[in-house]
Amino acid sequence: CEEAFESCFFLESMGDWTGDSRFSVIGFEPDKMLRGTPDGLYVDGQLIPSENPYELLREFIPKGMISRNYCGGLVGYIGYDATRFFEPALEIAPHPDFDSFVFGLYTDGLIHDSMTGETFYFYYTQSRADRIHSLLAGPPPARSRPLIRALGDSVDAARHAAMVQETREEILAGNTFQCQIGFRSDFEVPGSPIGGYQNLRNITPSPHMYYVKLG
């Protein structure tokens, strides 16, 4: 039912059936969308000016809740450039294409228990169980084969090899002991990217996987 919602998420556990690894979570249509930028915090498109929008997030977390299992909250991403909210001395520039962080505030959802095979629905203030039942009763969505077009990488093979060598020299000099040498790859994915997730799930499954759609 991913096509029915502008924003939703799927946190999938595929490891052993112990502890939290036995649970998968689905959330849809969040109560609010929170976006952090250098100007402040945007709440459903309305700006709250702030030099540190990350600190404002605590005002939107539901209070006084007790649960032994997953009980909702903020789901989204936080970018590397958001580090400037924690350590201003680094003076990290904002990303040109992405907000520093984006979170949906989810106060209901579905939880699947892989051990028992049960799926149950929880909510705090408003039940949307009827919406879920209507989607389940409707026809399955028609999905076409995902078409993914590569737009290029931020570095070529020669530059990446040089980055690896530079890192080796830093390790030998004792300046660092671990480094993630990465680069950026851009892709164009027309339509729903859920098919890409399904392919990755089949080819390279991991104990914990996630699919997050943020508008």
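So, of the residues in the stretch 165-204 that are of a type in the set (Val, Ile, Thr) and open to solvent by 70 Å² or more (accessible area, probe 1.4 Å), which turns out to be modelled with the lowest pLDDT? Outline the logic, then answer.
Of the stretch 165-204, the ones of a type in the set (Val, Ile, Thr) are 167, 171, 176, 181, 189, 194, 203-204.
Keeping just the survivors that are open to solvent by 70 Å² or more (accessible area, probe 1.4 Å) gives 171, 203-204.
Working: Ile171: 94, Ile203: 91, Thr204: 87.
Among those residues, the one meeting the criterion is Thr204.
Residues that are of a type in the set (Ser, Thr, Tyr) and in a loop (DSSP other than H, G, I, E, B) were ranked within the stretch 67-100; the one that is modelled with the highest pLDDT is Ser100. Of the residues making up the stretch 138-159, those that are more than 27 Å from the chain's Cα centre (by Cα), at pLDDT 90 or above and either over 18 Å from Phe183 (Cβ atoms) or not in a loop (DSSP other than H, G, I, E, B) (or both) are Ala157, Ala158, Arg159.
Just to be sure, is Thr119 in contact with a strand residue (DSSP E or B) (Cβ under 9 Å, 6 or more places away or on another chain) and either open to solvent by 90 Å² or more (accessible area, probe 1.4 Å) or among the acidic types (Asp, Glu) (or both)? Show your work before the answer.
Details: in contact with a strand residue (DSSP E or B) (Cβ under 9 Å, 6 or more places away or on another chain): yes; either open to solvent by 90 Å² or more (accessible area, probe 1.4 Å) or among the acidic types (Asp, Glu) (or both): no.
Answer is no for this residue.
Can we say Phe120 is farther than 23 Å from Glu6 by Cβ, part of a strand (DSSP E or B) and of a type outside the set (Lys, Arg)?
Numbers: farther than 23 Å from Glu6 by Cβ: yes; part of a strand (DSSP E or B): yes; of a type outside the set (Lys, Arg): yes.
It is true that Phe120 is farther than 23 Å from Glu6 by Cβ, part of a strand (DSSP E or B) and of a type outside the set (Lys, Arg).
The residues of the stretch 15-59 that are open to solvent by less than 70 Å² (accessible area, probe 1.4 Å), part of a loop (DSSP other than H, G, I, E, B) and touching a residue at least 24 places away in the same chain (Cβ under 8 Å), listed by number, are Gly15, Pro30, Asn52. Check Ile111 against each of (1) β-branched (Val, Ile, Thr); (2) within 25 Å of Val25 (Cβ to Cβ); (3) open to solvent by 50 Å² or more (accessible area, probe 1.4 Å) and name the one condition it does not meet. Every listed condition holds for Ile111 apart from (3).
Okay, residues lined up against (1) closer than 18 Å to Val43 by Cβ; (2) hydrophobic (A, V, I, L, M, F, W, C):
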position	(1), (2)
Tyr77	yes, no
Ser100	yes, no
Asp113	no, no
Gln126	no, no
Ala129	no, yes
Ile132	no, yes
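Within the stretch 179-208, residues that are assigned to a loop (DSSP other than H, G, I, E, B) have Cβ atoms under 9 Å from residues that are of a type in the set (Phe, Trp, Tyr) and modelled with pLDDT of 90 or more in these pairs: Pro193/Tyr211, counting only partners at least 6 apart in sequence or on another chain. Output the number of the condition that Gly64 fails; it satisfies all remaining conditions of (1) of a type in the set (Gly, Ala, Ser); (2) surrounded by 13 or more Cβ atoms within 10 Å (Cβ to Cβ); (3) part of a loop (DSSP other than H, G, I, E, B). Only one criterion is unmet by Gly64, namely (2).
The values are calculated or read from the model by the stated rules, or taken from the named source; none is laboratory data. Keep in mind that this is a model prediction, so the values were computed, not measured. A quick note on method: Cβ atoms are made from the backbone with ideal geometry, for glycine too, and the neighbour counts reach across all protein chains shown. Accessible surface areas use protein heavy atoms only, side chains included; no ligands, DNA or RNA. Shrake-Rupley method; radii C 1.70, N 1.55, O 1.52, S 1.80 Å.
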